[in-house]
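Asks: Mind looking over this structure? Questions follow.
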Amino acid sequence: MCTLEKRGNVFILTFTGEDQHRFNPNLIGSLLSLLSQVKAEATRGSALITQAQGKFFSNGFDLDWAQAAGSEQGAAERLHHMVALFKPVTAALLSLPMPTVAAITGHAAAAGFLLALSHDYLIMRKDRGVLYMSEVDIALTIPDYFNALFREKIGDASVRRDLLLRGLKMKGDEAEKRGVVEAAYGGEAEVREASVRLAENLGKRKWNGEVYAEIRKGLYPQLSAILGLTHKAYTIARL
Amino acid sequence: MCTLEKRGNLFILTLTGEDQHRFNPDLISSLLDLLSQVKAQATSGSVLITLAQGKFFSYGFDLDWAQAAGSERGAAKRLQDMADLFKPVIATLLSLPMPTIAAITGHAVAAGFTLALSHDYLIMRKDRGILWMPEVDIAVTLPDYINALFKEKIGDASVRRDLFLRGLKMKGDEAEKRGVVKAAYDGEAEVREASVCLAENLGKRKWHGEVYAEIRKGLYPQLSAILGLSHKVYAIARL
């Protein structure tokens, strides 16, 4: 499932186990709960790293659970349900009052890629793992908030076209070159170290978390609107 | 303060003096006044260059003037007033019926960076000067029109994230490489020469200024909407 620990100022959210870390209502519920905890314990200098054990960061929604409904309609409803349940996870990350880093040491597909992309910085492996939006290949359309996230986080229209319309399986070096991730490293340990280093460096800036979150929401206005996020202005109180 | 001169088809707007060229209501008012004059005297082949003397292009709003209000609330109100007063400057530049160039020979920070970015072309020094949005560091949020300007002028989402969420102080070579400025040169004289050279080349195209401005507004639709700019269609009168 997922766990939360704290090392100094850095919160570390981990998908545990060697499985595909697929999002079903239970895991989504746990994620939301842990993100609430992170928000509640946030202070100046806090940062979040989200990471996973094993070969997968996350392979997306739990389609087995959807199919276990026993009928096509039932499966479609369950999938729709998970899309709706997952929206608050994206909203929570967009509003989190601290810098966020996704340490991608395995495959990040569909909602798994979305989760990674909901972070401020993505660090990935060069030697293993792909970023992949499988929807075009399995004939599923993309939810509105997924589209908005991709549109506002990835500026290059050709990259978005390759990911969403071509089902491109993007490896780390291409992801780094084309600006989808901040950096790619040759190995799991290197990715984790780089993520911790980055999180610590960002934490040293001791930003006001609430203002940081407001500025972040301002960077992604269409996504913020779709997620129903409110805005608050902060003006200079003290100079 | 600021002055306006004309050299052939070139309008040259200069922020004079060795100070930080901070925007207070007086300077903003002068700027608006001079830009009106530029608009009134525009002809086919006109071009505007905005430049500054000294170490600063502009360091943004006059925070000393804001603080002189004498209270936290007074300071916040003065800052909001300046943000409101500055919006028409951006609107005027977005609607100016001629190509515009910002010759950045010193630091362009916050509203100063915003002013520069409101031009069609940015030319910067490589050896001195930075572009910087310090709002995350001083814990203030950004007005909607500034968010929209950066979003529509800078396509690379990672660059926007670095500028807004990381408070990156961007030097000329990085700004050129990452597409924030058109070109960066080694030295003040080189920047000014390159700006004049670019201006002359653009002027030679003898564009229809009103149509140029409409096409420009069409490039930045969300910003135009926030600035309350109207649109006009020009159809082919003569082929």
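The values are calculated or read from the model by the stated rules, or taken from the named source; none is laboratory data. The model shown is predicted, which means the values in this text are computed figures rather than measured ones. Neighbour counts run over all protein chains shown; Cβ positions are idealised from the backbone, glycine included.
Asks: Scan (1) modelled with pLDDT of 95 or more; (2) under 28 Å from A:Ser46 (Cβ atoms); (3) of a type in the set (Ser, Thr, Tyr) for the single condition A:Tyr234 breaks and write down its number.
Replies: (1)
Asks: Also, I was wondering about something else. Check every one of the strands (runs of 3 or more DSSP E) wholly within the range A:1-119 and list those with 1 or more residues that are touching an Asp or Glu at 6+ places or on another chain (Cβ under 7 Å), within 22 Å of A:Glu190 (Cβ to Cβ) and hydroxyl-bearing (Ser, Thr, Tyr). First the steps, then the outcome.
Replies: Details: elements: A:2-7, A:10-15, A:47-52, A:56-58, A:100-104, A:107-109.
By residue number, A:100-104.
Asks: Can you tell me which residues in the range B:39-63 are hydroxyl-bearing (Ser, Thr, Tyr), in contact (Cβ under 8 Å) with a residue 60 or more places away in the chain and either surrounded by 24 or more Cβ atoms within 10 Å (Cβ to Cβ) or in contact with a Pro (Cβ under 7 Å, 6 or more places away or on another chain) (or both)?
Replies: Within the range B:39-63, B:Ser46, B:Thr50 qualify.
Asks: Turning to a different aspect of this structure: Is it true that A:Ala103 is within 20 Å of A:Val196 (Cα to Cα), buried (at least 18 other Cβ atoms within 10 Å of the Cβ), over 12 Å from the mean Cα position of the chain (by Cα) and modelled with pLDDT of 95 or more?
Replies: Spelling it out, it is not the case that A:Ala103 is within 20 Å of A:Val196 (Cα to Cα), buried (at least 18 other Cβ atoms within 10 Å of the Cβ), over 12 Å from the mean Cα position of the chain (by Cα) and modelled with pLDDT of 95 or more.
Asks: Do you know which of the residues in the range A:138-168 that are more than 19 Å from A:Ile226 (Cα to Cα) and modelled with pLDDT under 95 is farthest from the other protein chains (Cβ to nearest Cβ)?
Replies: Among those residues, the one meeting the criterion is A:Ala139.
Asks: For the range A:171-227, give me every one of the helices (runs of 4 or more DSSP H) that falls completely inside it and has 1 or more residues that are closer than 24 Å to A:Val10 by Cβ and either within 10 Å of chain B (Cβ to nearest Cβ) or not basic (Lys, Arg) (or both).
Replies: Because the criterion is at least 1 residues that are closer than 24 Å to A:Val10 by Cβ and either within 10 Å of chain B (Cβ to nearest Cβ) or not basic (Lys, Arg) (or both), the helices (runs of 4 or more DSSP H) in the range A:171-227 that meet it are A:172-177, A:188-204, A:209-219.
Asks: Report, ordered by the first and then the second residue, all pairs with beta carbons closer than 9 Å, sequence separation of six or more or different chains, a first member in the range A:32-51 that is over 17 Å from A:Ala103 (Cα atoms) and in contact (Cβ under 8 Å) with a residue 40 or more places away in the chain, and a second member that is assigned to a helix (DSSP H, G or I) and of a type in the set (Asp, Glu).
Replies: Filtered contacts from the range A:32-51: A:Ala42/A:Glu210.
Asks: Right, here's the next one. Within 14 Å of chain A (Cβ to nearest Cβ), in contact (Cβ under 8 Å) with a residue 24 or more places away in the chain, of a type in the set (Asp, Glu) and surrounded by fewer than 20 Cβ atoms within 10 Å (Cβ to Cβ): is that true of B:Asp26 in this structure?
Replies: So B:Asp26 fails the test.
Asks: Still on this structure, I have one more. Is it fair to say B:Lys151 is within 17 Å of the chain's Cα centre (by Cα), over 24 Å from A:Pro221 (Cβ atoms) and of a type in the set (Lys, Arg)?
Replies: no
Asks: Test B:Gly112 against the stated conditions and say whether it is touching a residue at least 60 places away in the same chain (Cβ under 8 Å) and touching a His at 6+ places or on another chain (Cβ under 9 Å).
Replies: The answer is yes for B:Gly112.
Asks: Every residue in the range B:179-230 that is closer than 15 Å to B:Ser95 by Cβ, within 16 Å of the chain's Cα centre (by Cα) and not aliphatic (A, V, I, L, M), please.
Replies: Listed by number, the residues that qualify are B:Arg216, B:Lys217, B:Tyr220, B:Ser224.
Asks: Kindly evaluate A:Gly172 against the criterion of being under 19 Å from B:Ala157 (Cβ atoms) and touching a Ser or Thr at 6+ places or on another chain (Cβ under 9 Å).
Replies: No, not satisfied.
Asks: In this structure, is A:Leu122 touching a residue at least 24 places away in the same chain (Cβ under 8 Å), crowded, with 18+ Cβ neighbours inside 10 Å and assigned to a helix (DSSP H, G or I)?
Replies: Considered against the rule, which asks whether it is touching a residue at least 24 places away in the same chain (Cβ under 8 Å), crowded, with 18+ Cβ neighbours inside 10 Å and assigned to a helix (DSSP H, G or I), A:Leu122 comes out as no.
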